[in-house]
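Values quoted throughout were computed directly from the atomic coordinates according to the rules given, and no laboratory measurement underlies them. For clarity, every value in this text was computed on a predicted model and none was experimentally measured. Note that we place each Cβ from the backbone using ideal geometry, even for glycine, and neighbour counts take in every protein chain shown.
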Amino acid sequence: MNLIYLDNGATTKVDDKVIKKMLPYFNEKFGNASSLHQKGQEARMALEESRRTVANAISAKPSEIIFTSGGSESNNLAIKGVAYEKGRGHIITSKIEHPCVLRTVEELEKKGFEATYIDVDSEGFIDLDQLKNSIRKDTILISVMHANNEIGTIQPIEQIAELCKKHDIIFHTDAVQSFTKIPISVKKLKIDLISFSGHKFHGPKGIGALYIRERIKLKKQMHGGSQERKLRAGTENISGIVGFAEATKIIKNSDIKNMTKLRDKLIDFILNNIDNARLNGSRERRLCNNVNISFDAVEGEAIGGYLDAKGICSSTGSACSSKSLEPSHVLKTIGLTHEEAHGSLRLTLSKYTKEKDIDFVIKVLPDIIKKLRKMSPIK
Ligand SMILES: Cc1ncc(COP(=O)(O)O)c(C=O)c1O
C-alpha cells in the first residue's frame, strides 16, 4: 500500500539533500568544534557557515543565532531566559500557544512571576485590544506564536511587534510551524526572539535555533561549557546543525503555491460535499499546509483510524497532545464544544504531497464519515 503522509505538522520527512549534507559529519568530519586541532576546526567552520546560512534566511546577523535541541528548548530558553534575567515582572502570552510555552509560563508563575493569557476569537486570532489593555508597567515579555500548529491561523505579529516596540517590551514569537513557509525578516519586523525547529521543515529532529536580537540579554538555562555564546552549554550537534541550515534553503515558492492549491482543494471539497463539517482556523490567514476540520457526531480518533487503514496518516489536535483524552486546548479556546473538539481532524501537507494523494483522501473520506455517523450514538 502506498503511504500518504498528511501529518507534517507533527514532523516531516528529512530531505535527501539534507541527509547528503549531514552524512560526512558522522564519520569523516566528526570533530568537536571546541577542539583546536584541524578536525575540531573543520567542525567549527561547518558550525559558523551554518550559522551564517540560518542568519541569512531571516536577514539577521550570524552572532544573533544560537543552536538548541529544538523548538521546545528554544521557547524555554527565550521565555525563562528573559524572566530570570529581569528577576521579576509580568508576562503576556496567548491561550493557544504550544504546551512548551504555556507550561513554561505556568512554571514561572510558580516562581513569583505574573502572567496574563490572552483570548483568541473563533478563527484563532489574538484579541489585540485585550493584549493592549493587559500591558502593565512591569510587563517584561510578550510571547505570541507566529502560526498555530493545530489550526494554522497566522497571528498579526507585525502589529504585536509594533505594540511591543512602543512600550519597550521584549517580543518573542514561536515560528516553529511557519519558518520557511512564511518569510520572516528581522530587519523589517521588530521581533527580539524567534524559535525554530529543524524537523518541521525537512531537517533532522533534535535540532533547533533561537534568534536573539543584539543587546537582548538572556539568563542561560543549560550550565556547563561556554558553547553558543555561553548561553547553551554542550558539544554542538554539528551534523544536526548542518542539516538544519541546509533545510532552510530548500523550500521553493512553487512548493508553497502547490501546498496552498492542494490545501484549498481539500478544504473546498470537504465543506461542499460533507454535511456538518466546519473549518477550524482562518480561511485567509492560514498556514499553506494546514487543514483542520470538525465533523459533527464523529470522533476524530476514529476517522484517523479508518484513514490509517487506507494508508493515510493524519492527526487529531496536535501530535503532542493526541495521546491525552482531553480535547485540544486550542479548539476549546476558539469556542468548540467538547464534542466538536473531539470530532476534529488535522491534515497537514508538505512539499512532497501530490494531487493524487489529495484526490485519494477526497475519494475515501466521505464514506468513512458516513459509516462512522451511522454507528454514532450522538447523531
Ligand atoms: C508551534 C510549536 N512550537 C513548538 C514545538 C516544539 O518543537 P520541538 O518538537 O522541536 O521541541 C512544536 C512541535 O510540535 C510546535 O508545533
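Close amide H partners of G208, meaning residues 5 or more places away or on another chain with modelled amide H under 5 Å apart, are T68, S69, G70, G198. Around the amide H of T139, modelled in the peptide plane, lie the amide H atoms of H90, all under 5 Å away and 5 or more residues distant in sequence or on another chain. The H on the amide N of I118, modeled in the peptide plane, is under 5 Å from the matching H of T93, S94, K95, each at least 5 residues off or on a different chain.
Name the shape class, rounded, prolate or oblate, that the alpha-carbon gyration tensor gives for segment 190-231, where a ≥ b ≥ c are the square roots of its eigenvalues, rounded holds for a/c under 1.5, and otherwise prolate holds if a/b is larger than b/c and oblate otherwise. Judged from the Cα gyration tensor, segment 190-231 comes out oblate (a/c at least 1.5, b/c at or above a/b). By the beta-carbon count within 10 Å of each Cβ, the least crowded to most crowded order of C313, C164, C100, fewest first, is C313, C100, C164. Listing T235, T93, T180 from fewest to most neighbouring C-beta atoms within 10 Å gives T235, T180, T93. Counting only DSSP beta bridges whose two residues both lie in segment 16-247, roughly 40 percent are antiparallel. Each of R283, R346 has some number of other Cβ atoms within 10 Å of its Cβ, and from fewest to most they run R283, R346. Summing charges over neighbours of L347, with a neighbour being any other residue whose Cβ is under 9 Å away from its Cβ, gives +1 when K and R count +1 and D and E count -1. Each principal axis of the Cα cloud of segment 16-247 was taken in turn, and the coordinate range along them, longest first, works out to 56, 34, 29 Å.
For segment 13-89, the Kirkwood hydrodynamic radius from C-alpha pairs, put into Stokes-Einstein at 25 °C and a viscosity of 0.890 mPa s, yields a diffusion coefficient of 166 µm² per second. The distance from the alpha carbon centre of segment 109-159 to that of segment 51-84 is 20 Å, rounded to a whole number.
The residues neighbouring M1, those whose beta-carbon lies less than 15 Å from its own, together hold a net charge of +1 under the Lys/Arg +1, Asp/Glu -1 convention.
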